[in-house]
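This report refers to the structure that appears directly beneath it.
What follows is calculated from the coordinates using simple rules that are stated; it is not laboratory data. Every value quoted in this text rests on a predicted model; they were computed, and no experiment measured them. In this analysis, Cβ positions are derived from the backbone assuming ideal geometry, glycine residues included, and neighbour counts consider all displayed protein chains.
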Amino acid sequence: MNEKIFQNQYWEREGLEGRRKPRHPVVAAYVLPKLDIIKRYVELAPQLRLLDVGCGNGFFGSYLAELCELYGVDYSHKMLRMNPIENKFVMDVNQIGFKSEAFDIVFCHALLHHVEDIDRIIQEMRRVSKKYVIILEPNRNNPLMFLFSLAVKEERKALRFSRSYLARTVERNGLTIIDSFSFGMCTPNKIPSFLLPLVNRFNFKQPLGMTNFIIARK
């Protein structure tokens, strides 16, 4: 089966409606510490235009919309229907339908390990950004993330996503890395709410963190 069709079926499947909403306490615990980290490197302000590539059902966009002039794109109609942001578009991110340097910041979360041509997507993100590109992906060096990626075939490409692999991929596509690191132990859909006090203690940079960060500029 064509990889694009394979992934599209995954993101249009029955049961997606049961995903946690962006304002669920666990989702907030996942997103907000990451936004605090990003704000140490990149200004997030109302006058800045930010594009959320692969915006899904709005885990990050729900919060970014309060900080920036936010636009979101995704190819999943079902995910976009669940996304609460205003400026959202069905779009193939292999060819982002905005002019070059249309946005001050381009952001993506958990997108690249689902696409067929990673380089093409990063080049498109770079093209539509004036300055910053921010990428968050799973960290295959985390044992739980490794097992999850191994078990779910649609997530299996995450098995290559070490921090160093992601950094090399970003650099070969013409971006300069400001910082790269792994962070935290929270996941938005799997962690039970009662474990939040425990996982919140791990909101710091660490080699086995669940999420790889790349903060880069043109």
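Restricting to Cα pairs below 8 Å that are 6+ residues apart, what does the relative contact order work out to for the chain? Please round to a whole percent.
Working: 425 pairs, mean separation 43.1, N = 218.
So the answer I get is 20 percent.
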* How large is ³J(HN,Hα) for each residue in region 131-141, as worked out from phi by the Karplus curve 6.51 cos²θ - 1.76 cosθ + 1.60 (θ = phi - 60°), to whole Hz, x for Gly and Pro? -> 9, 9, 10, 10, 10, 10, 9, x, 9, 5, 7
* **Least to most buried among Asp52, Asp104, Asp117 (fewest other Cβ within 10 Å first)** => Asp117, Asp104, Asp52
* Roughly how many whole Å is it from the C-alpha centroid of region 183-208 to that of region 1-78? -> 18
* **For region 203-218, Karplus couplings with θ = phi - 60° (6.51, -1.76, 1.60), whole Hz, Gly/Pro x** => 7, 8, 5, 7, x, 9, x, 5, 10, 8, 10, 10, 10, 9, 9, 6
* Asked: Which whole-Hz ³J(HN,Hα) couplings does region 15-30 yield from phi under the Karplus relation 6.51 cos²θ - 1.76 cosθ + 1.60, θ = phi - 60°, glycine and proline marked x?
  -> x, 4, 4, x, 4, 4, 7, x, 9, 4, x, 6, 4, 4, 5, 7
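Which of rounded, prolate, oblate describes region 22-105, given a ≥ b ≥ c as roots of the alpha-carbon gyration tensor eigenvalues and a/c under 1.5 marking rounded, otherwise prolate only if a/b is larger than b/c?
Details: a/c = 2.04, a/b = 1.13, b/c = 1.81.
Since a/c reaches 1.5 but b/c is at least a/b, the shape of region 22-105 is classed as oblate.
Where does the chain land at 222 nm, in deg cm²/dmol rounded to the nearest 500, when only DSSP H runs of n ≥ 4 count, each adding -39500 (n - 2.57), divided by all residues? Write down the numbers at each step before the final one.
Working: 8 runs with 67 residues, N = 218.
Rounded to the nearest 500, it is -8500 deg cm²/dmol.
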* **Exposure proxy ranking, count of Cβ atoms within 10 Å, fewest first, for Phe59, Phe146** => Phe146, Phe59
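Exposed loop sites here are GluC sites (Glu not before Pro) in DSSP loop states with at most 16 other C-beta atoms within 10 Å. What is the longest stretch of the chain lacking them? Walk me through the numbers on the way to the answer.
Values: sites that count: Glu12, Glu14, Glu43, Glu66, Glu86, Glu101, Glu116.
Excluding the exposed sites themselves, the longest stretch runs over 117-218.
Show me the trypsin sites (Lys or Arg not before Pro) within region 119-210 that DSSP assigns to loop and that have at most 16 other Cβ atoms within 10 Å of their Cβ.
Values: sites: Arg120, Arg126, Arg127, Lys130, Lys131, Arg140, Lys153, Arg156, Lys157, Arg160, Arg163, Arg168, Arg172, Lys190, Arg201, Lys205; in loops: Arg140, Lys190.
Passing sites in region 119-210 are Lys190.
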